[in-house]
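Data block below; observations after.
The values are calculated or read from the model by the stated rules, or taken from the named source; none is laboratory data. Just so we're clear, the structure is a prediction, and the values are computed from it rather than from any experiment. Methodologically, a virtual Cβ is constructed for each residue, glycine included, from the backbone with ideal geometry; neighbour enumeration extends over all protein chains shown. Keep in mind that these areas ignore ligands, DNA and RNA; they rest on the heavy atoms of the full protein, side chains included. Shrake-Rupley method; radii C 1.70, N 1.55, O 1.52, S 1.80 Å.
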Amino acid sequence: MNKDLKLICSDIDGTLLNADRDIAPETASAFSKLPKDFPVILASSRMPSAMYYLQEKIGRYGSPLICYNGALVLDETGKALQSHTVSLELLNTIIEHHKDFDYNISTHCTDTWRTEKMDYWTMREIRSTRMQPVYVPLKDLIASLEAVEELPHKIMCMGSPKALDSLIELLKERHPDEAHLYRSKDSYVEISAKNIDKSTALEDLIRSKYNLELSNVMAFGDNFNDTQLLKRAGMGVAMANAAQEVKDAADFVSEYTNKQHAVAKAIEKFLIP
């Protein structure tokens, strides 16, 4: 057991979840063997409500959360400790671009997901996250957000790679200093505030709440948005299914994938006496 490791921070999709996009019994069992006061922080591109039920399954319901890759950090009461949003001007640029293309635009403001209609992409997100959106016509979206005084923590655009290539080019031209563009797949682009990062969000959170440093963290991840987290953590663990860049940043590369309970096996190996 590594006694310097005093907190776990884990990505969710492609890392913590199994083939059914759920917490496997093996994973829940591994977490149950840790002391009840051993902090576990989930860090994801997901919205808060798409993380609460997973916290419950690993016995950590009510712990702080890092949502939208660090754009929104919540404490144990649900209070926002950090909140980084993008402007409605940027959203309007996307809506104008959309007139010449066909892709899904989804906005995530605090804990509300808004999209225009039920389509292929919406159905995929519902299946993946178990969340339901609020349906708002695109022509009314900005007015709807203005009415409730909300700004997006994340805008997700899903569709053809050609359309998203064009959108990214436009956003880099018009909003070079505002937007962070994360392309998790050819058909997905996540748009959030510039300079957000899971590792920075975690560092600020654990210093203030637990008096811990990143050197005390065991971090798990699989995708490019986990790279800095794994690089800066005391022990960064990459899944066998991780991108090579993520593996290169890790201290330990599991021989197992998320579907083979890699997180559970690493906890058993390094944290359970």
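Taking Cβ atoms as reference points and 13 Å as the exclusive limit, the residues near Leu65 contribute a net charge of 0, counting Lys and Arg as +1 and Asp and Glu as -1. For region 52-201, with all protein chains in place and a probe radius of 1.4 Å, 50% of the accessible heavy-atom surface sits on carbon or sulfur.
Take the Cα of Lys194, step 7 Å toward its Cβ, do the same at Asn2, and the gap between the two points is 3.5 nm. I'd like to know which of Ala201, Asn223, Pro273 lies farthest towards the positive end of the charge dipole of the chain, counting +1 on Cβ of Lys and Arg and -1 on Cβ of Asp and Glu. In the chain, that residue is Pro273. Taking a ≥ b ≥ c as the square roots of the eigenvalues of the Cα gyration tensor, an a/c ratio of 1.5 or more together with a/b no larger than b/c marks region 190-273 as oblate. Ordering Thr112, His153, Ser128 by Cα displacement along the dipole of the chain toward the positive end leaves Ser128 in first place; charges were set at the Cβ atoms of Lys, Arg (+1) and Asp, Glu (-1).
Considering only Leu54, Leu138, Phe38, and ranking their Cα positions along the charge dipole of the chain that arises from unit charges at the beta-carbon of Lys, Arg, Asp and Glu, the one farthest toward the positive end is Phe38.
Dividing the summed -39500 (n - 2.57) terms of all DSSP H runs of n ≥ 4 by the residue count of the chain sets its mean residue ellipticity at 222 nm at -10500 deg cm²/dmol.
Distance from the alpha carbon centroid of region 243-273 to that of region 34-103 works out to 23 angstrom. Given their separation in residues at 0.36 nm each and the Cα-Cα distance between them, Glu213 and Ala143 gain 21.0 nm when the chain is fully extended. For the chain, the relative contact order comes to 23 percent (Cα pairs under 8 Å, sequence separation of at least 6). At a probe radius of 1.4 angstrom, the accessible area of the chain per residue rounds to 45 square angstrom. Straight-line cross-link partners of Lys117 among the lysines, defined as a Cα under 30 Å from its Cα and at least 8 positions apart when in the same chain: Lys99, Lys139, Lys154, Lys162, Lys172, Lys185, Lys194.
Could you list which residues have their amide H under 5 Å from that of Tyr103, counting only those 5 or more apart in sequence or on another chain, with H placed in the peptide plane? The answer is none.
Dividing the mean sequence gap of close Cα pairs (under 8 Å, 6+ apart) by how many residues region 73-160 holds gives a relative contact order of 39 percent. What FRET efficiency comes out for the pair Tyr120/Lys231, r = Cβ-Cβ distance, R0 = 45 Å, nearest 0.05? Rounded to the nearest 0.05, the efficiency is 0.80.
Going through [x] 13.5; [y] 14.5; [z] 19.0, the figure that equals mean projected area of the Cα convex hull in nm² as computed for the structure here is [x].
Note on Val134 and Asp165: the model spin-label points, each 7 Å out from Cα along the C-beta direction, lie 3.6 nm apart. Which of rounded, prolate, oblate describes region 76-125, given a ≥ b ≥ c as roots of the alpha-carbon gyration tensor eigenvalues and a/c under 1.5 marking rounded, otherwise prolate only if a/b is larger than b/c? Verdict is oblate for region 76-125. Put a plus charge on the Cβ of each Lys and Arg, a minus charge on the Cβ of each Asp and Glu, and nothing anywhere else: the dipole of the chain about its Cα centre is then about 780 debye.
When peptides 201-212, 254-265 are ranked by their average number of other Cβ atoms within 10 Å per residue, the highest-first order is 254-265, 201-212.
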